[in-house]
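Since the structure comes first, as structure tokens, the remarks are kept for the end.
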Amino acid sequence: MKDVSPPARSVLYLQAKPGMREALVEVFRRIDVPGHALRQAGCLSVEVQVLPDEDGPILVTALWADRDAYQGWLDNPWREASGAELAPFLAEETAAGVVYDVVLAGGDVSAVAAGAPTVAAGAGRTSRTSRTS
């Protein structure tokens, strides 16, 4: 029997400079980080999350088919180049991300299914999906 790699969840906390959180989120929209990630083979979903506290970190998570898919994203030249767009808004203490193996899941864990705003791949426009009950 062939070993099957579990899905992987990447977790990255980004600390914006004081007063720059919304500008940082806007750069994510403008350069379409979620859309670029979703074009990477094995990327299943991407979420950019904020706390109600304006000074709190931004949380960026993504679900990958496996760790190899995530490594492909880390090796993607666009990802490295996009860092120059984000850097002016980031505090110096921003830490590296971590990757978890997903060993148990339940339900539809997609933020899109829950009605989160989405960015159409390559369009740079935000839309809101409707949630049905």
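The values are calculated or read from the model by the stated rules, or taken from the named source; none is laboratory data. All values reported here derive from a predicted model rather than from experimental measurement. Counting neighbours? That spans all protein chains shown, and the Cβs are built from the backbone with ideal geometry, glycine included.
Observations
- Considering the stretch 59-92, the residues that are in contact with a Ser or Thr (Cβ under 8 Å, 6 or more places away or on another chain), of a type outside the set (A, V, I, L, M, F, W, C) and not in a helix (DSSP H, G or I) include one that is nearest to V46 (Cα to Cα), namely T61.
- Residue identified as at pLDDT 95 or above and more than 16 Å from the chain's Cα centre (by Cα) among D108, D68: D68
- Annotation note: Cβ proximity below 6 Å between a residue of the stretch 85-106 that is more than 18 Å from V33 (Cα to Cα) and a residue that is among the charged types (D, E, K, R) (sequence gap 6+ or interchain) occurs for A91/K17; Y100/R9; V102/R9.
- Criterion (over 19 Å from V102 (Cα atoms), out of contact with any helix residue (DSSP H, G or I) (no Cβ under 9 Å at 6 or more places or on another chain) and polar (S, T, N, Q)) met by exactly one of Q71, Q49: Q49
- Selection within the stretch 39-48 - under 23 Å from R21 (Cβ atoms) and touching a residue at least 40 places away in the same chain (Cβ under 8 Å): S45, E47
- Of all residues in the stretch 71-105, exactly one satisfies the criterion of being modelled with pLDDT of 95 or more and exposed (fewer than 10 other Cβ atoms within 10 Å of the Cβ), namely P77.
- Take the conditions (1) closer than 18 Å to A105 by Cβ; (2) modelled with pLDDT of 95 or more; (3) more than 13 Å from the chain's Cα centre (by Cα); P7 misses just one of them, which is (2).
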